[in-house]
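What follows draws every value from the coordinates through simple rules; no lab data is involved. These figures come from a predicted structure and were not determined experimentally. Heads up, the Cβs are rebuilt from the backbone with ideal geometry, glycines too, and the neighbour counts pull from every protein chain shown.
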Amino acid sequence: MDEQEINVLLETLRESFVTIMKKYDLDKSDLVKKSRFLYTDNSIVILMSDYAEYIDEGRRAGKMPPVKAIIKWIRRSAVNVPIGLTAEDFAWAVAKSIERNGVRPRPFIQRLNEEVNSLVLKYIFSQVNTTLKKTLNPK
């Protein structure tokens, strides 16, 4: 693969990722904005924030998540804290809500993996087809 083909493939994957995340209303999220698609050592690598697994798998009710992580998320994402509450108070309330209700899963990782495999296979078949045409129809 030459560099231009790799860049087209990576951009197509990014567009697919955004489309998948749009289903969960996450297409404008920090997770999407900060994710990176790389081609290295003949492999496609997708770098995502460490909380991607919690979005993908959700979280069962019953255990309170770390409040400090939620405070970081509030500050990083510029979440509007309700008037009269500090970021710490709001983070604690969010953590208690998660403990009580859990967080529903938004299973995007498997869909993204399937999309990567599909796009790579299309590319490989296209390359094989081009090579066969050149071999079988030399001019």
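Can you give the extra length, in nm with one decimal, that the chain gains between TRP73 and ARG14 once fully stretched, where that is 0.36 nm per residue apart less the Cα-Cα distance?
18.9 nm
Checking the cross-link filter: which aspartates and glutamates have an alpha carbon closer than 12 Å to that of LYS63, excluding same-chain neighbours under 8 positions apart?
The qualifying aspartates and glutamates are GLU99.
Under the rule a/c < 1.5 gives rounded, and otherwise a/b versus b/c splits prolate from oblate, where does the stretch 60-102 land using the Cα gyration tensor?
In terms of gyration-tensor shape, prolate.
For the charge dipole of the chain, defined by +1 on Lys and Arg C-beta atoms and -1 on Asp and Glu C-beta atoms about the Cα centroid, which residue among PRO82, VAL67, THR40 has the Cα displaced farthest towards the positive pole?
The residue sitting farthest along the positive end of the dipole is PRO82.
Taking H placed 1.01 Å from N in the peptide plane, check which residues at least 5 places from SER35 or on another chain put their amide H under 5 Å from its amide H.
Under 5 Å from the amide H of SER35 lies no amide H from a residue far enough along the sequence or on another chain.
Once fully extended, how much extra length lies between GLU3 and LEU121, figured as 0.36 nm per residue of separation less the alpha-carbon to alpha-carbon distance?
40.7 nm is the gain from fully extending GLU3 to LEU121.
Suppose every Lys and Arg Cβ carries +1 and every Asp and Glu Cβ carries -1, with no other charges. What dipole size does the chain come out with about its Cα centre, to the nearest 20 debye?
Dipole of the chain, to the nearest 20 debye: 320 debye.
Suppose the chain between TYR39 and LYS63 were pulled fully straight at 0.36 nm per residue; how much longer would it get relative to their current alpha carbon spacing?
Gain in length upon complete extension: 4.8 nm.
Please list, or write none, the lysines whose alpha carbon is within less than 18 Å of the alpha carbon of LYS68, excluding same-chain residues fewer than 8 places away.
Straight-distance partners of LYS68: LYS96.
With Cα Rg over 2.2 N^0.38 Å as the read-out, I listed [x] 1.51; [y] 1.20; [z] 1.45; which label goes with the value calculated from this structure?
Computed from the coordinates, Cα Rg over 2.2 N^0.38 Å corresponds to [z].
Pick from ILE109, ILE74, ILE55: which residue has the top mean-square fluctuation in a GNM of the chain where Cα pairs under 10 Å get a spring?
It is ILE74.
Can you tell me the orientation of helix 87-101 relative to the chain, as the angle in degrees between its alpha-carbon axis and the longest Cα principal axis, to the nearest 10?
80 degrees
In degrees from 0 to 90, rounded to the nearest 10, what is the angle of the helix 67-77 Cα long axis to the longest principal axis of the chain?
Result, in degrees: 60.
Relative contact order (percent) for the chain, with alpha-carbon contacts under 8 angstrom and 6 or more residues of separation?
Rounded, it is 26 percent for the chain.
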